[in-house]
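Have a look at the structure below, then the notes.
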Amino acid sequence: MSTQTGLPYKKKQQAAIKNTIGTIEVKDSVLKKDFQHMEKLAGQLEQTKDQALLKELHRYFHDLDVVINEDDGSNTYFDVTSYGKSVVKTSK
């Protein structure tokens with residue numbers, strides 16, 4: 001399959017996510033923990049088709065986006081990131 005929705009495309013995307021996350025320098029220890037977990041999830045996705053792992057990885061990206069950009073307008077927050085919990089806790 002050579003389409004962007006095919007399996008080879010998804011595997012390339014998972015590898016790209018894993019490799020990119022591993023190169024980002026993060027000074028905040030809590031955020032670094034989240035990035036390490038995201039890298040682990042992306043690595044596991046390279047080996048399996050587990051939709052639950054994909055869903056969890058997506059929720060990490062989503063929640064960090066909401067926290068870092070202060071809102072995405074969707075009113076959806078999954079509360080999965082340690083960094084998000086620390087930011088929400090300190091901002092109240």
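For the range 27-67, what class follows from the C-alpha gyration tensor (a ≥ b ≥ c being the square roots of its eigenvalues): rounded when a/c is under 1.5, otherwise prolate if a/b is larger than b/c, else oblate? If you can, show how the numbers build up before the last one.
Numbers: a/c = 3.97, a/b = 1.57, b/c = 2.52.
In terms of gyration-tensor shape, oblate.
Would the range 46-85 count as rounded, prolate or oblate if I go by the C-alpha gyration tensor, calling it rounded below 1.5 in a/c and otherwise prolate when a/b exceeds b/c, oblate otherwise?
On the way: a/c = 2.80, a/b = 2.14, b/c = 1.31.
Prolate shape, in that a/c is at least 1.5 and a/b is the bigger ratio.
In the range 12-80, what GluC sites (Glu not before Pro) fall in a loop by DSSP, with at most 16 other Cβ atoms inside 10 Å? Intermediate values should be presented prior to the final figure.
Working: sites: Glu25, Glu39, Glu46, Glu56, Glu70; in loops: Glu25, Glu70.
Passing both the DSSP loop test and the Cβ count: Glu25, Glu70.
Since every read-out is calculated from the coordinates, none of them should be taken as a lab result. This is a predicted model, so every value here is computed, not measured. In this analysis, Cβ positions are derived from the backbone assuming ideal geometry, glycine residues included, and neighbour counts consider all displayed protein chains.
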